[in-house]
Amino acid sequence: MATTEDAAMLAVDVGIIVIGLEPTHQHRIVSKAIGIGKHVVCLPPSDIRKEGVVEMLNSAKYYPQLIAFVAHGLRFLNIFQKMRSLIKESYVGNLYRCELRIQVPDEPVSSYSWKNDAMMGGGILNLYGAEMVGLVHYLLQDKFHMVSGYVKCFSGEFPQKNCLRVSTSDDFGLLQGETKKGTSVVIMLNRNSLKFDLDVKVIGSLGSLRATNEFLYGQKNNSQQQEELILQESLSDAEELVQYSPERVPTSLYVQGLMNFFQQLRESFKDSGVGSPTSSWSKDSMTDAVSFDDYHQIQSILAAFRLSHRHRRWFGVETNLIETEDVKFI
């Protein structure tokens with residue numbers, strides 16, 4: 001008997017499947033959807049397990065003509081696209097270091113779910129770490145070479161009475177790394193804040209760039225003035241969506257990034273539209289999107305961070321780390 005999801009995937013007027021299930025169930029839908037010729041977009045957090053990530057990657061490789069993306073929306077915000085452009089134009093000169101800090105309010109829970117289990121995709125590292133690592137790749141156009149990580153679960157006790165389970169989802173993470181070109185990177189993740197706050201700073205030999213929530217600032221080293229405002233992101237559409245949504249949704253900044261992602265995805269299709277699974281689309285217009293191959297590399301880096309925390313030492317990053325956990329010590 002066909003399930004509701006099967007009926008949706010087999011419908012002739014459905015061309016793209018957007019998957020927002022809990023992480024451990026996403027790979028099954030991905031393989032099935034791609035296998036019958038449907039484009040696929042996964043909402044983060046996507047699968048973090050070895051078998052799930054590899055299965056998603058292999059499915060995408062078998063059908064390269066189909067869309068297979070993980071919807072990391074921050075890189076589609078105008079402030080980060082502008083930051084990347086200015087870095088390319090040597091606004092900051094030679095890159096010295098990149099600092100990222102994200103703080104989010106702790107989400108209250110009334111019953112045990114996958115968000116309380118780090119192995120199932122819960123925790124600040126899984127929920128936000130992948131997108132932060134991907135944002136480093138996007139902005140610096142460079143990859144991690146070696147990493148060190150520390151994660152902490154402040155309270156393992158589950159608040160529900162008579163519950164025998166313990167929460168293993170981490171509340172804090174401090175990730176350090178060095179890219180192949182020698183840029184130092186520090187990422188701080190915190191889930192014990194009163195409000196959402198995102199700060200991304202890139203420092204170089206000629207100046208610095210800083211994105212704080214929806215504002216992008218810049219400053220030259222030889223300037224006697226304070227940071228100048230370069231660009232402000234418009235969040236009006238996202239704020240309206242967040243305001244009237246019946247569900248608890250992320251901050252307007254994340255919602256705006258996802259809206260920009262899907263708008264660009266829509267524009268990537270040619271005049272034939274998305275009415276059928278074989279609709280043509282322009283890959284060139286979606287080069288900024290996170291492919292399954294990119295996601296595989298990001299999860300290999302997160303696996304190195306986890307190993308570093310476990311062994312209390314630096315690890316070199318191998319692209320097959322998530323498959324074998326066979327990495328050399330530094």
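Values as computed for the structure displayed
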quantity: Convex hull of Cα atoms in region 18-74, direction-averaged projection (nm²); calculated: 3.6 nm²
quantity: Given charges at Cβ of Lys, Arg, Asp, Glu: the chain dipole, positive-most of Y128, S90, Y150; calculated: Y150
quantity: GluC sites (Glu not before Pro) restricted to DSSP loop in region 79-138 with at most 16 other C-beta within 10 Å; calculated: E89
quantity: Interatomic Cα distance distribution for the chain, bins of 10 angstrom, percent; calculated: 5, 24, 33, 26, 10, 1, 0, 0
quantity: Environment charge at G121 (Cβ cut-off 11 Å; Lys +1, Arg +1, Asp -1, Glu -1); calculated: -1
quantity: Under the span-like rule (Cα at least 27 Å along the axis, Kyte-Doolittle mean at least 1.6), DSSP H helices of the chain; calculated: none
quantity: Size of charge dipole - the chain - debye, nearest 20, with Cβ of Lys, Arg +1 and Asp, Glu -1, no other charges; calculated: 880 debye
quantity: Under the Karplus curve 6.51 cos²θ - 1.76 cosθ + 1.60, θ = phi - 60°, whole-Hz ³J(HN,Hα) for region 283-291, x wherever Gly or Pro sits; calculated: 5, 4, 7, 10, 5, 7, 6, 8, 6
quantity: Within the accessible area of the chain (1.4 Å probe), percent carbon and sulfur; calculated: 50 percent
quantity: The chain: relative contact order in percent, alpha carbon pairs under 8 Å with at least 6 residues between; calculated: 22 percent
quantity: Amide H within-cut-off set for I17, under 5 Å, with H built and near neighbours excluded; calculated: H39, V40, V41
quantity: Distance from region 196-221 to region 69-120 (C-alpha centre basis), Å; calculated: 14 Å
quantity: Of F154, F196, F80, the one that fluctuates the most in a GNM where the chain has Cα springs shorter than 10 Å; calculated: F154
quantity: The chain - accessible surface per residue (Å², probe 1.4 Å); calculated: 50 Å²
quantity: Radius 13 Å from Cβ of L175, net charge of other residues (Lys, Arg +1; Asp, Glu -1); calculated: -1
quantity: Net charge over other residues, Cβ less than 14 angstrom from the Cβ of L189 (K, R count +1; D, E count -1); calculated: -3
quantity: From phi via Karplus (6.51, -1.76, 1.60), per-residue ³J(HN,Hα) for region 111-126 in Hz, x at Gly/Pro; calculated: 8, 5, 8, 4, 5, 8, 10, 5, 6, 9, x, x, x, 5, 5, 6
quantity: Helix-only CD estimate at 222 nm, as mean residue ellipticity for the chain, using -39500 (n - 2.57) per DSSP H run (n ≥ 4); calculated: -10000 deg cm²/dmol
quantity: Nonlocal amide H pairs with Y217, under 5 Å, H built at 1.01 Å; calculated: R210, A211, T212, I230
quantity: Selection from A8, Y217, I34, by position along the positive dipole direction of the chain (Cβ); calculated: Y217
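The values are calculated or read from the model by the stated rules, or taken from the named source; none is laboratory data. Since the model is a prediction, treat every value here as computed from it, not as a measurement. Neighbour counts run over all protein chains shown; Cβ positions are idealised from the backbone, glycine included. When the accessible area is computed, the model is the full protein with side chains, heavy atoms only, and any ligands, DNA or RNA have been set aside. Shrake-Rupley method; radii C 1.70, N 1.55, O 1.52, S 1.80 Å.
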